[in-house]
Amino acid sequence: MRFGSHISIRDGYLGAARHATKIGARSFQYFPKNPRSLSVKKYDRRDAIECAEFCKEHDLLTIAHTPYPTNLVADEKQIQLVQDSLLNDLEIANECGSIGVVVHFGVLKNTENPLEGYQRMIQTLNDVLSRWDGEALALLENNAGKSGPTGTTIEELVQIRQLTDYPDKIGFCLDTCHVFASGVWTGDNWSDVEAKGIELGYFEHLKAVHLNNSAYPTRSMKDRHANIPYGEIKVEQIKELLSSSIFGEIPFVLETPHESRFSHQDEIAYLNELMGE
Ligand SMILES: [Zn+2]
């Protein structure tokens, strides 16, 4: 399986790819630019192209992640910034040879009308993707529910994709911590989640998994990632999910705490051992 982790671009895009091979990763995720800002980055094209070549040579699959302030249902003041930033992320990801750019399902204030929020999100995706003709996809990620229930269900993800003008430019990224914390996956109902995802056409567009355990129980609506062996999701339950045949060769990327006593290198080795690889 293609286990990997989030990796810093401190040493550039190529540097991140080199680091991935050193820790035994077969995939990785990176922030294409400063994760705290929506400013457009003038990136080093040479570095990005070399990253793409290196990944091809070493059979590494990659995904990028939008900066934290990226909200697809941002208000009028912010939305232009969000759009330009997302387009910039898609360009960088494309040059790096990545599958796509993970972007969280939009977050609405509790006072806002959800239908209006969905409409703004569809509009934002249409505006960005009408200006985009590269290979990299926008990968919608399911929410944990910490800011309200929007974007936690498979139904919403599938519907939003279908209601845009450009479904072919959109895929999905499943975060296992979020799907557990939201209560969609309780840990005990994987076969139901799988059946529903197949029926709704979700899994055929799933391009990556954020493989995280959760520090809080199911239905807590909290977004706190934990290491695979040390969270509220039992290891057997994670193993059941990982054993599902629907995932194929897609990247499984850790976004878990990593310290010297349990590094991402250790966690990837742990996962390979767990899955008998
Ligand atoms: Zn995630």
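Viscosity 1.002 mPa s, temperature 20 °C: give me the Stokes-Einstein translational D for the stretch 47-121 in µm²/s, with Rh taken as the Kirkwood radius over C-alpha pairs.
Numbers: Rh = 13.8 Å.
Taking Rh from Cα pairs, D becomes 155 µm²/s.
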Problem set entry | Amide H contacts under 5 Å for LEU61, placed H, 5+ residues apart | SER27, PHE28
For this session: May I ask you to evaluate 6.51 cos²θ - 1.76 cosθ + 1.60, the Karplus curve with θ = phi - 60°, for each residue of the stretch 42-59 and list the ³J(HN,Hα) values in order in whole Hz, giving x for glycine and proline?
Result: 8, 8, 8, 4, 4, 4, 5, 5, 5, 4, 4, 5, 4, 5, 5, 4, 9, 6
Exercise. Around VAL102, which amide H atoms from residues at least 5 apart in sequence, or from another chain, sit under 5 Å from its own amide H, with H modelled in the peptide plane?
Worked result: ALA64, HIS65, THR66, LEU139
Seminar exercise, completed: Connecting every pair of Cα atoms under 10 Å apart in the chain and solving the GNM, the largest mean-square fluctuation among HIS58, HIS19, HIS178 falls on HIS58
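Defining a contact as two alpha carbons under 8 Å apart and six or more residues distant in sequence, what relative contact order in percent does the chain show?
19
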Exercise. Over the stretch 32-141, what relative contact order in percent results from Cα pairs under 8 Å that are six or more residues apart?
Worked result: 32
Problem set entry | 30 Å Cα-Cα reach of LYS146 towards lysines, excluding residues that sit fewer than 8 places from it in its own chain | LYS33, LYS41, LYS77, LYS109, LYS169, LYS196, LYS207, LYS222, LYS234, LYS239
For this session: Would you be so kind as to identify which of SER191, SER147, GLN123 lies farthest towards the positive end of the dipole of the stretch 104-206, taking Lys and Arg as +1 and Asp and Glu as -1 on Cβ and the Cα centre as origin?
Result: SER147
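Relative to the compact globular guide of 2.2 N^0.38 Å, what is the alpha carbon radius of gyration of the stretch 223-266, as a ratio? Show your work: numbers first, answer last.
Working: Rg = 11.8 Å, N = 44, 2.2 N^0.38 = 9.3 Å.
Compared with the compact-globule rule of thumb, the stretch 223-266 sits at 1.27.
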For this session: Would you mind checking the radius of gyration and Dmax of the stretch 114-178 based on alpha-carbon positions, in Å?
Result: 11.9, 33
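For the chain, compute the orientation-averaged projected area of the C-alpha convex hull (one quarter of its surface), in nm².
Values: hull surface 54.0 nm².
Spelled out: convex hull of the Cα atoms, projected over all directions, averaged, 13.5 nm².
Write down the Kirkwood hydrodynamic radius of the stretch 39-168, to one decimal in angstroms, obtained as one divided by the mean of 1/r over all alpha carbon pairs.
Details: mean 1/r = 0.0651 Å⁻¹.
One decimal place: 15.4 Å for the Kirkwood radius.
About its Cα centre, how strong a charge dipole does the stretch 75-225 have in debye, to the nearest 20, once Lys and Arg get +1 and Asp and Glu get -1 at the Cβ? Walk me through the intermediate numbers first.
Details: 12 positive and 23 negative charges, 109 e Å.
Computed about the Cα centre, the dipole is about 520 debye.
Relative contact order for the stretch 138-263: what percent, with Cα pairs under 8 Å and sequence separation of 6 or more? Mind showing how you got there, number by number?
Details: 223 pairs, mean separation 32.1, N = 126.
So the answer I get is 26 percent.
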Seminar exercise, completed: Ranked by GNM mean-square fluctuation in the chain (Cα springs under 10 Å), the top entry among ASN142, ASN94, ASN126 is ASN126
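Can you work out D for the stretch 191-269 in µm² s⁻¹ from Stokes-Einstein, where Rh is the Kirkwood radius over C-alpha pairs, the temperature is 10 °C and the viscosity is 1.306 mPa s? Don't skip to the answer; put the middle values down first.
Details: Rh = 13.8 Å.
It diffuses with D of about 115 µm²/s by this estimate.
Calculate the dipole size of the stretch 1-70 relative to its Cα centre from +1 charges on Lys and Arg beta carbons and -1 charges on Asp and Glu beta carbons; express the result in debye to the nearest 20.
Value, rounded to 20: 220 debye.
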Exercise. Where q = 0.19, 0.26 Å⁻¹, what log10 of I(q)/I(0) comes from the Debye formula for the stretch 143-220, counting one point per Cα?
Worked result: -0.80, -1.36
Exercise. In whole Hz, what ³J(HN,Hα) sequence does the stretch 210-225 give by Karplus (6.51, -1.76, 1.60; θ = phi - 60°), x for Gly and Pro?
Worked result: 8, 8, 9, 8, 10, 6, 10, x, 4, 6, 6, 6, 9, 10, 10, 6
Problem set entry | Charge dipole of the chain about the Cα centre (unit charges at C-beta), most positive-ward option of HIS6, GLY171, LEU271 | HIS6
Exercise. GNM, the chain, Cα, under 10 Å: largest mean-square fluctuation among GLU95, GLU236, GLU112?
Worked result: GLU112
Seminar exercise, completed: Within the stretch 123-277, the percent of DSSP beta bridges that are antiparallel, given to the nearest 5, stands at 20
Problem set entry | Rounded to 5, the percent of DSSP beta bridges in the chain classed as antiparallel | 10
Seminar exercise, completed: Exposure-ranked with fewest Cβ neighbours within 10 Å first, VAL209, VAL193 stand as VAL193, VAL209
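What is the magnitude of the charge dipole of the chain about its Cα centre, with +1 placed on the Cβ of each Lys and Arg, -1 on the Cβ of each Asp and Glu, and no other charges, expressed in debye to the nearest 20? Could the numbers behind the result be given before it?
Details: 27 positive and 40 negative charges, 150 e Å.
Dipole magnitude for the chain comes out near 720 debye.
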Exercise. Using alpha carbon centroids, what distance separates the stretch 99-134 and the stretch 250-277, in Å?
Worked result: 31
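Throughout, read-outs are computed from the coordinates displayed, never taken from laboratory work. Small disclaimer: the values here were computed from a predicted structure and weren't measured. Glycine gets a Cβ as well: all are built from the backbone with ideal geometry, and neighbour counts include every protein chain shown.
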